[in-house]
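The values are calculated or read from the model by the stated rules, or taken from the named source; none is laboratory data. All figures in this text were calculated on a predicted structure; none of them were measured in a lab. All Cβ positions, glycine included, derive from the backbone under ideal geometry; neighbour counts span all protein chains shown. For accessibility, only protein heavy atoms count, side chains too; no ligands or nucleic acids. Shrake-Rupley method; radii C 1.70, N 1.55, O 1.52, S 1.80 Å.
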Amino acid sequence: MPRLILSMDGLVLKEMVLEKERTTIGRKPHNDIQIDNLAISGDHAAIVTILNDAFLEDMNSTNGTYVNGQPVKKHVLQSNDVIELGKYRLKYIADGGASVAADQDVSFSQVSDTDSGRQAAPAPEAPPAAPPAGAVGMIQILSGTHAGRTLELSKSLTTLGKPGTQVAVITRRPHGYFITHVEGTVFPVLNGRSLDAQAHRLNDNDIIEIAGVKMEFFSQARA
Amino acid sequence: MGLWRMATETHVGRVRGRNEDCVFCDEALGIAIVADGMGGHAGGHVAARLAVDAWVAHLRARAAEGEIRERDVLVAVAEANRAVFSMASSDPGLRSMGTTLVAVCLRADGTLLTCHVGDSRIYRWRDEALTCLTRDHSVLREQCDAGMITSPSRAGAALRGLLTRAVGVAATVVPDVTVCGIHEGDVYLLCSDGLTEMLPDAEIAEVLGALGANPRLAAEHLVDLANDRGGVDNISVVIVSSCTSGRLGAELG
């Protein structure tokens, strides 16, 4: 059975089978595929499936329906077509396609000579788990017995400190690196100021002091 | 047994309009519970809330009379089921609502009672290893166990979220109840599938290993991570920890 793979920002959110003759897409809850986002109209689009063919129809949506980058009102879907509604993408897979797990590695663009009238879909975006594109945070220890040592902050979280005395964690998020106090009565010091219990964003060349040890944060482009 | 610290966190996620999960914990009673409701308009949240309230109320009453026994947990689930099922039967707007339920009771004799219906899970972090103590009551899991599919992650989404057992959808429900020993330093995680659909076990292990000593931070970070990965469903976690210090990425000194 034909399928749709819903994604946003290159991240697969959901895979759905087109089982019904008519599948509706929109913001309102009565739709078969509900996308709760203000850029999506209440009743945005519909897909009618007859035997092996699927027809996409824009239901006069405010922001329009795009297929492979082109605005459409009515469109006969072909396998691997990418339907765009706002920031959401629905990839249409006719029968027998790869399942979603294998599909994540497959490029969304489909350029072929026989299809010269169609534009290639936009290239897939960077995986959302990779924060500040291509850059990785680093810590260089400036004082104490480990002075000079650097530490790559490649994991989603890195804990630093002296057990029982003071521990802090640096978390890696899509929008940057953040430092938070974990344990101990003394809080980490950031650029000479003691932190509170909240997470604080780290900027390049910030000086952090944990358990009496000074260190510098910086980000480095990945080779 | 050392002091148990608990923290709960629940978040609507980044796609859904409503949070239909419900969480509760009580350090003094030594109980923690997560319910992931489903069905209808208001139904999901109502089911989860009713189930949690009924389960907690029953165990609170039993705990006042002495140690909680396996039987008490079974009766508490039956109470939760009755509360949801009778409400669903009497209010047409709430028809066919139901909920998952995972819960733990920490007992003074050093044993842990677990109780489970649906696809919410209980994990244990012990000796640098993460173990899932529950087996999802889902069509996907059963097909996987029967060898019909090789891996749940490769299966079509049509089966995703299809449960073989849930609280409140029939007159009775049979929970999985187990008793196991507790070790000093154990960390337990109860969560809805909004977490496990977004994060692989290895990443959950990393968070529990590093932040197990600080349940509040661990709970917040797990929810943040699930949202960073898309937050497709409601995300709920309860962390129950006796761990006193987490694993350090770098020891300073």
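Across the stretch A:180-223, how large is the tail of the calculated P(r) beyond 16 Å, expressed as a percent of all Cα pairs? Counting pairs separated by more than 16 Å, the tail of P(r) holds 37 percent.
Using the Cα gyration tensor of the stretch B:70-183, with a ≥ b ≥ c the square roots of its eigenvalues, what is the shape: rounded (a/c below 1.5), prolate (a/b larger than b/c) or oblate (neither)?
Details: a/c = 2.66, a/b = 1.10, b/c = 2.42.
In terms of gyration-tensor shape, oblate.
Electrostatic bookkeeping for A:Asp58 treats Lys and Arg as +1 and Asp and Glu as -1; over the other residues with beta carbon under 13 Å from its beta carbon, the sum is -1.
Cβ under 12 Å from B:Phe85's Cβ, B:Phe85 left aside: what net charge do those residues give with Lys, Arg +1 and Asp, Glu -1? Charge balance in the 12 Å sphere: 0. Within the listed set B:Asp127, B:Asp186, B:Asp176, the residue fluctuating most in the Gaussian network model of chain B (springs between alpha-carbon atoms under 10 angstrom) is B:Asp127. Counting every pair of alpha carbons in the stretch A:135-221, the share spaced more than 16 Å apart comes to 47 percent. At the residue level, A:His175 shows approximately 90 square angstrom of accessible surface with a 1.4 angstrom probe and all protein chains present.
Quickly estimate the mean residue ellipticity at 222 nm for chain B, helices only: each DSSP H run with n ≥ 4 gives -39500 (n - 2.57), and the total goes over all residues, rounded to 500. Write down the numbers at each step before the final one.
Values: 6 runs with 78 residues, N = 253.
So the helix-based figure for chain B works out to -10000 deg cm²/dmol.
Divide the volume of the convex hull around the Cα atoms of the protein assembly as shown by the residue count and you get 167 Å³ per residue. Taking all protein chains together and a 1.4 Å probe, the residues A:Asp53, B:Asp26, B:Asp21 rank A:Asp53, B:Asp26, B:Asp21 from largest to smallest accessible area. Residue separation of A:Met59 and A:Ser79 scaled by 0.36 nm, minus their Cα-Cα distance, works out to 5.0 nm of gained length.
Applying both filters, DSSP loop and at most 12 other Cβ atoms within 10 Å, to the GluC sites (Glu not before Pro) of the stretch B:157-203 gives B:Glu184.
Please report, ordered by residue number, every helix of chain B (full DSSP H runs) that is 24 Å or longer along its axis going by C-alpha atoms and whose mean Kyte-Doolittle hydropathy reaches -0.5.
Working: long enough: B:43-63 (30 Å, 0.37); B:70-90 (30 Å, 0.42).
Helices meeting the criterion: B:43-63, B:70-90.
Rounded, prolate or oblate: which fits chain B when a ≥ b ≥ c are the square roots of the eigenvalues of the alpha-carbon gyration tensor, with rounded for a/c under 1.5 and prolate only if a/b beats b/c? Verdict is oblate for chain B.
Shape class of the stretch A:3-93 from the alpha-carbon gyration tensor: rounded, with the ratio a/c of largest to smallest axis under 1.5. Cross-link pairs exceeding 21 Å in C-alpha to C-alpha distance, out of A:Lys14/A:Lys155; A:Lys20/A:Lys91; A:Lys20/A:Lys87; A:Lys91/A:Lys155; A:Lys14/A:Lys74; A:Lys14/A:Lys91, comprise A:Lys14/A:Lys155; A:Lys20/A:Lys87; A:Lys91/A:Lys155; A:Lys14/A:Lys74. In this rough spin-label picture, where each label sits 7 Å from Cα along the Cβ direction, the B:Arg60-A:Glu21 distance is 5.3 nm. Solvent-accessible surface of protein heavy atoms, probed at 1.4 angstrom with all chains present, puts A:Lys91, A:Lys155 in the order A:Lys155, A:Lys91, largest first. By the rule of a C-alpha distance below 21 Å, with chain neighbours fewer than 8 residues away ignored, the lysines paired with A:Lys162 are A:Lys214.
Cα convex hull, the stretch B:1-132: 113 Å³ per residue, rounded to a whole number.
Quick one: what do you get for the stretch A:10-52 if you divide its Cα Rg by 2.2 N^0.38 Å? It would help to have the intermediate numbers written out before the result.
Values: Rg = 11.2 Å, N = 43, 2.2 N^0.38 = 9.2 Å.
So the Cα radius of gyration is 1.22 times the expected 2.2 N^0.38 Å.
Surface composition of the protein assembly as shown: carbon and sulfur atoms hold 51% of the protein heavy-atom accessible area at a 1.4 Å probe. A:Glu21 contributes an accessible area of around 130 Å² to the protein surface, as traced by a 1.4 Å probe with all chains present.
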